[in-house]
Amino acid sequence: MAEPKRLYIKTYGCQMNVYDSQRMAETLGEDALGEHGYTETADPESADLILLNTCHIREKAVEKVYSELGRLKRLKAAKPGLRIGVAGCVAQAEGAEIMRRQPIVDLVVGPQGYHDLPELDSRAHRGERPIQTEFPAESKFDAMPRRHMAGRGPSAFLTVQEGCDRFCAFCVVPYTRGVEVSRPVKAVIAEARALVAGGVREITLLGQNVNAYHGTGAKGTLSLAGLISELASIDGLDRIRYTTSHPKDMAYDLIEAHGTCPKLMPYLHLPVQSGSDRILKRMNRGHTAEAYIRLIERVREARPDILISGDFIVGFPEETEADFADTLALVDNVRYGQSYSFRYSARPGTPAAERRQVDPEISSERLARLQAMLTRQQRDFQADMVGREVSVLFGREGRRRNQMVGRSDHLHAVHVSNGHIASGDLLKVRITGSAPNSLSGALVPG
Ligand code: SAH
Ligand code: SF4
Ligand code: F3S
């Protein structure tokens, strides 16, 4: 029998790209294509096909891709049969430009074209350099086999919604992922069941604007809360999460679900970007700082121990020191348990890129101040967990001997040293220590 061909995928960007990379591996896998299929490898040197699944969200993300392609030149020179593909949001945004800038690239495929990968790969094999950046009418999901492959652990991502119609003035996502589309309820449930049958106990529902989900179901259209309630009835599925949400789409039934659905984990990632009403308006976010704070209060009424996580952009065009002070005031008010903060990066083709830019040194200085505050809040939240009993879903081995790492309800990484824990165990742990980005603890007997 011939040696199986090997596929190496390098993933950049958000969780949806992680999910997409898995689906690409499945679509190109031996289960789907038989002897023409690929097995995945963690070693690019041994690969016959290398795919870079790229992100376009900030400038650095794009430059990373081109420097990686630069490094791959050497591999390609040493192995002429090697094919290199660029997928993801840079592929969508740059298209043919990638082929021009980097002659080693054999195929380019945007996020809506992944079901065509086997065909694109054959064409690349014949020496064509195919580019697929169309937004086809049919759903790529229907045309892609889904299998939970061994070794992926007890937690899985599941895309339920893709694309975005919000057009925040800084963001490329509506251009790279297209208009907002929800997958039908039946398809989501079937995929969740397949994952659970494969040993998954925790599912994170993904969407660029996931709480805008409105999927067709047997009894009409379901909201995200409706979908979560359907998923909660699957035996063996113990935990449900969702990300990323927009404050404007935080519906009442979803807030309520945080109080009534025990499988829905006490974690909400709700980006606010800025605490200044003037900047929020220029960002086209569609809400005020006050409305966001009220929303958080309502979520906390439903689930008092919920961890709030957020995204922030500093140095958005025309941001003044007073605007930035409003962001610090909002952060002080909300108290975040987790956060992601970025210096504004002008993206070609987005409205904000044309406006008066803030001096990068000023943005960097503001970012440092904001991050200092957010880091303090994260530490406080973690310190508060010490002494508490939490449930942990264990996924992988830690660096130390006999150590396993899992995730708590609040998504904290928790390290426990105990030789009897297996991947997939959901166990009670008493937290004994807090490090900068993780907790440690001991199993609660019983
Ligand atoms: N779909 C998600 C994620 C968008 S990208 C959402 O709607 O929240 C993730 C984060 O990257 C954003 O929340 C924002 O904080 C940041 N981001 C997006 N575009 C950016 C830009 N041009 N410059 C800096 N940060 C940006
Ligand atoms: Fe981008 Fe999120 Fe705004 Fe959509 S809601 S445009 S994905 S930041
Ligand atoms: Fe990046 Fe595209 Fe995700 S731009 S953040 S990979 S949707």
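Can you name every residue in region 334-362 that is out of contact with any strand residue (DSSP E or B) (no Cβ under 8 Å at 6 or more places or on another chain), away from ligand 3 (no atom under 15 Å from the Cβ), assigned to a loop (DSSP other than H, G, I, E, B) and open to solvent by less than 70 Å² (accessible area, probe 1.4 Å)?
358
For residues that are polar (S, T, N, Q) and assigned to a strand (DSSP E or B), scanning just region 221-249, find the one that is farthest from ligand 1 (Cβ to nearest atom).
221
Sort through 50, 57 and tell me the only one that's in contact (Cβ under 8 Å) with a residue 60 or more places away in the chain and either crowded, with 18+ Cβ neighbours inside 10 Å or within 16 Å of ligand 1 (Cβ to nearest atom) (or both).
57
In region 400-437, how many are among the small types (Gly, Ala, Ser), more than 23 Å from residue 198 (Cβ to Cβ) and open to solvent by 20 Å² or more (accessible area, probe 1.4 Å)?
4
Using the structure shown, decide if residue 197 is more than 15 Å from ligand 2 (Cβ to nearest atom), open to solvent by 50 Å² or more (accessible area, probe 1.4 Å) and of a type in the set (A, V, I, L, M).
It is true that residue 197 is more than 15 Å from ligand 2 (Cβ to nearest atom), open to solvent by 50 Å² or more (accessible area, probe 1.4 Å) and of a type in the set (A, V, I, L, M).
Residue under question is residue 218, and the condition is that it be surrounded by 18 or more Cβ atoms within 10 Å (Cβ to Cβ) and either away from ligand 1 (no atom under 16 Å from the Cβ) or of a type in the set (Val, Ile, Thr) (or both); does it hold?
So residue 218 does not fit the description; no.
Identify, from the list 334, 358, the residue that is touching an Asp or Glu at 6+ places or on another chain (Cβ under 7 Å) and of a type in the set (Val, Ile, Thr).
Just a single option satisfies the conditions, and that option is 358.
Given the condition more than 22 Å from the chain's Cα centre (by Cα) and modelled with pLDDT of 95 or more, answer yes or no: does some residue in region 50-66 qualify?
Looking through region 50-66, none of the residues is more than 22 Å from the chain's Cα centre (by Cα) and modelled with pLDDT of 95 or more.
Among (1) hydrophobic (A, V, I, L, M, F, W, C); (2) more than 24 Å from residue 339 (Cβ to Cβ); (3) outside any strand (DSSP E or B), which single condition is residue 416 missing?
Of everything listed in (1) hydrophobic (A, V, I, L, M, F, W, C); (2) more than 24 Å from residue 339 (Cβ to Cβ); (3) outside any strand (DSSP E or B), residue 416 misses just condition (3).
Could you tell me which numbered condition residue 276 fails, if it satisfies all but one of (1) farther than 22 Å from residue 369 by Cβ; (2) crowded, with 20+ Cβ neighbours inside 10 Å?
The one condition residue 276 does not meet is (1).
Say we look at region 117-153 and pick out the residues that are open to solvent by 90 Å² or more (accessible area, probe 1.4 Å) and part of a helix (DSSP H, G or I); which of these is modelled with the lowest pLDDT?
Step by step, filter region 117-153, then rank; the result is 142.
The values are calculated or read from the model by the stated rules, or taken from the named source; none is laboratory data. Note that the structure is predicted; figures quoted are calculated from it, not measured. Positions of Cβ are generated from backbone atoms using ideal geometry, with glycine treated the same way; all protein chains shown enter the neighbour counts. Only protein heavy atoms, including side chains, enter the accessible area calculation; ligands, DNA and RNA are left aside. Shrake-Rupley method; radii C 1.70, N 1.55, O 1.52, S 1.80 Å.
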